[in-house]
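Everything on this sheet refers to the single structure shown next.
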Protein chains: 2
Amino acid sequence: MGSVVASMSMSLDGFVASPNDEVDHVFAWYNAGQARVERENRDFTPESAEVFRPGALGSLVCGRRLFELTNAWGGRHPMGAHVFIVTHSVPSGWPREDTPFTFVTDGVAGAVQQAKDLAGDRDIAIATPTITQQCLDLGLVDMIAVDLVPVLLGEGIPFFARLAKAPVKLGTPTVIEAKGVTHLRYPVGH
Amino acid sequence: MGSVVASMSMSLDGFVASPNDEVDHVFAWYNAGQARVERENRDFTPESAEVFRPGALGSLVCGRRLFELTNAWGGRHPMGAHVFIVTHSVPSGWPREDTPFTFVTDGVAGAVQQAKDLAGDRDIAIATPTITQQCLDLGLVDMIAVDLVPVLLGEGIPFFARLAKAPVKLGTPTVIEAKGVTHLRYPVGH
């Protein structure tokens, strides 16, 4: 069984984006090197490229907002994963045949279960703060993967907020140091 | 000349204490090992003990609140440093002779200058979030040292907030991994 990994790039002061959804700062490390990752149109440093293992990700759970902000990732997610989009209602014109998107209208628990069923032994990524927060409250997260970026944004959209069951104790992280980012992977106790 | 280092223990979600000033979680790593540090009544892990080099700290700048919360650290700061306390007014009964405390009523810039003059080649620590924020705005911080603790507090007192000049770009940190804490030391660009 794969792990459910809440995974985001975050500023040192805890934000995944500016208040108006700009991500230039927190994603700057995506182009900090020359290590091209298969299926990712980015030039990572070798250390950061290690973090992105093509094929390790089986599926991804996110919110409707990310789906719309990225314009459905141009038709497919860059990591090649099937995406489960948690939404109150299916957007107009969707679902479409032969696209790797499934819309889930019965909440995050159902979305994570569907994502696990599809992923098999591969990991399931959660890529939206609000869904991460709900999954933490439900005890559904196995790992928190933070790509910690050396910038203070001052304000923005927090990765972690509105936790119903805080404090959440995590394990000592594994650390991968890279240029412009520190990759931290924390086990979540249940 | 020593460096001005803003230094605090912080939860992964950016808090240095709970809303009611509890610090049990963010300071848990202080007693995670058996490495006793000279002049620090704590049992660090060997890795964390490396971070605390007795004598490296020349002086410390903090706010009135910390001075009162710690009850003047029982008479002297555990790191042996002279403390400059930024306050609007000198507390009743202070200053006292032969105590390592100086009260500064003309703002943070003056306090940092006095702390630098005393520290010589040793470092100057800033140990209060609000003063860190003011010093960042004034360009007075050389390093940000975060002892990143694997816990999500959900709410509390943020290390970084109300920055007038965000975003603040930092350099890639030096990293020391230890049990229950990741020591990150970021250079601040000016």
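Counting only aspartates and glutamates at least 8 places from B:Lys169 when in the same chain, those with an alpha carbon closer than 17 Å to its own are A:Asp13, A:Glu22, A:Asp24, A:Asp147, A:Glu155, B:Asp137, B:Asp142. Chain A's nearest residue to the axis relating it to B, judged by Cβ and reported with the distance in whole Å, is A:Gly14, 2.
Partner shielding of A:162-172 amounts to 6, given as the average count of beta-carbon atoms from other chains within 10 Å of each residue beta-carbon.
Computed from label points 7 Å out along Cα-Cβ, the spacing between B:Ile176 and B:Met1 is 2.5 nm. Take A:Leu69, push a point 7 Å out from Cα through the beta-carbon direction, and compare it with the same point in every other copy: 3.2 nm, smallest first. Of the beta bridges in the protein assembly as shown, as assigned by DSSP with both residues counted there, near 45 percent are antiparallel. What separates the Cα centres of segment B:109-128 and segment A:155-172 is a distance of 33 Å. Against the empirical 2.2 N^0.38 Å (N residues), the protein assembly as shown has a Cα radius of gyration ratio of 1.08. Label-to-label distances for B:His88 across copies, nearest first, come out at 4.4 nm, using points 7 Å from Cα in the beta-carbon direction.
Looking at chain A, identify the longest residue range that excludes and avoids all GluC sites (Glu not before Pro) in DSSP loops having at most 11 other Cβ atoms within 10 Å. Answer from the scan: A:98-190. Taking amide H as placed 1.01 Å from N in the peptide plane, the amide H of A:Thr172 sits under 5 Å from that of B:Gly180, each at least 5 places away or on another chain. Counting every other Cβ atom within 10 Å of each residue's Cβ, A:Arg162, A:Arg185 order from fewest to most as A:Arg162, A:Arg185. Relative to the other identical copies, B:Asp21 shows label-point distances of 4.2 nm, where the label point lies 7 Å from Cα along the Cβ direction and values run shortest first.
Karplus-based coupling profile of segment A:143-156, in residue order and whole Hz: 9, 10, 10, 10, 8, 7, 9, x, 8, 10, 7, x, 7, x, with θ = phi - 60° in 6.51 cos²θ - 1.76 cosθ + 1.60 and x standing for Gly or Pro.
Output the relative contact order of chain B, whole-number percent, from Cα pairs under 8 angstrom with separation of 6+ residues. Contact order relative to length: 32 percent. Think of it as helices only: each DSSP H run of n ≥ 4 in chain B is worth -39500 (n - 2.57), and spread over all residues that comes to -4500 deg cm²/dmol at 222 nm. In this rough spin-label picture, where each label sits 7 Å from Cα along the Cβ direction, the A:Glu155-A:Thr105 distance is 3.6 nm.
A viscosity of 0.692 mPa s and a temperature of 37 °C, combined with the Kirkwood radius over Cα pairs in Stokes-Einstein, give a translational diffusion coefficient for chain A of 194 µm²/s.
When B:Trp73, A:Trp29, A:Trp94 are arranged by Cβ crowding within 10 Å, least crowded first, meaning fewest neighbours, the order is A:Trp94, B:Trp73, A:Trp29. Restricting attention to segment A:4-187, close to 40% of DSSP beta bridges with both partner residues there are antiparallel.
Any read-out appearing in this document is the output of simple, stated calculations on the displayed coordinates, not a laboratory observation. Everything numeric in this text was worked out from a predicted model, so none of it was measured. No Cβ is skipped: glycine too gets one built from the backbone with ideal geometry, and neighbour counts run over all protein chains shown.
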